[in-house]
1. Can you tell me how much longer the chain between Q52 and D87 gets when fully stretched, taken as 0.36 nm per residue apart minus their C-alpha distance, in nm with one decimal?
2. Multiplying the sequence separation of I188 and A98 by 0.36 nm and subtracting their Cα-Cα distance, what value in nm do you get?
3. Tell me, how many Å apart are the Cα centres for region 193-223 and for region 113-182?
4. Could you run the Debye sum over the Cα atoms of region 167-286, one equal point scatterer each and no solvent, and tell me log10 of I(q)/I(0) at q = 0.22, 0.23 Å⁻¹, two decimals?
5. Once fully extended, how much extra length lies between V287 and L74, figured as 0.36 nm per residue of separation less the alpha-carbon to alpha-carbon distance?
6. FRET efficiency for A259 and S166, Cβ-Cβ distance as r, R0 = 25 Å, nearest 0.05?
7. Using a Förster distance of 30 Å, how high is the FRET efficiency between T159 and A243, based on the Cβ-Cβ distance and rounded to 0.05?
8. List the extent of the Cα atoms of region 28-160 along each of their three principal axes, largest first, rounded to whole Å.
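Throughout, read-outs are computed from the coordinates displayed, never taken from laboratory work. These numbers were taken from a predicted model, which means no experiment stands behind them. Positions of Cβ are backbone-derived with ideal geometry, glycine not excepted, and every protein chain shown enters the neighbour counts.
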Amino acid sequence: MVVGTTVVSLVVGAALPGLTSAPPTDVEVGKIETIDDTGSPSSAVPAISAAQVGDLPEARYDAVVPGLVPWRDLVAPGADVATFTIDQDVPLYSADRATPVARLAARDFLDAPTTVVGIARQDGWVLVLTPARQILPSMAGDGRAPAQSAGWVPEGRLTRSPEQPSQRVVISVERQSVEITDQGGVVIASFPAGVGAADTPTPAGVTGYLAQRYVDPSQGTGDHPIQLTSLHSTAADEPYGGADGGLIGIHYQETATGAVSHGCIRLSADALAAINALPLGTLVSVV
């Protein structure tokens, strides 16, 4: 998949020591409490100016930011995750919650408001998923590159969305299917799907989210919106070629069954329409 926008890949710094694939053991994934948007950030949050935030690399779909937290886990059904909005760029902190390593822009590459997905909360911080990579597969080797990244954001910089996603997308690589479930895991609809081929597999065992959608007939998808997830290939830097950052998309294709893609999920028109009806920020789990 090639995103129809001129982009420049971004690689910064070197991997920070001590990063883990999950939050510290005393952080319960899925515990997003009600946040008082009028309150001030925790006193433990380091001071950072707007200019300093602006100097941080943007965590966008084609960026590689080694300081982000690698995310390799599934978010369980029933977990109380939440979506947020931001009215200005916000800093993303590494696992130590002391080092700002990137920023989430208030508006994304399509100049639309950025949807932020939080999966855990602790002591005035929210762990959010990001659309960027933490490391390239060519740098990690042996399939160790995570498909998803995360970062800590001070909760006072986030505004909880008034309407929260009520459904999820569950992709089964083995069954070659896509399901829409409620938040408790009850299946609402199921569709056959095309998944990644053996040498460009769809990454499994991880949860991301629907990050954006757009129409680009030049990619053979007609007028069906391409659904961009926050997930990335773990097998190759650019399995499709181009400069899309190895994104895992969900899109229409006439051949929509079998292990046939570069990692993306291929669906029929009816199935794609069902996914397109879900709000941005909807969780996407690949099992």
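1. Net length gain for the segment: 10.9 nm.
2. That works out to 28.2 nm of additional length.
3. Between the Cα centres of region 193-223 and region 113-182 lies a distance of 16 Å.
4. -1.36, -1.51
5. 75.9 nm
6. 0.20
7. So the FRET efficiency works out to roughly 0.40.
8. Reported extents, whole Å, longest axis first: 45, 38, 30.
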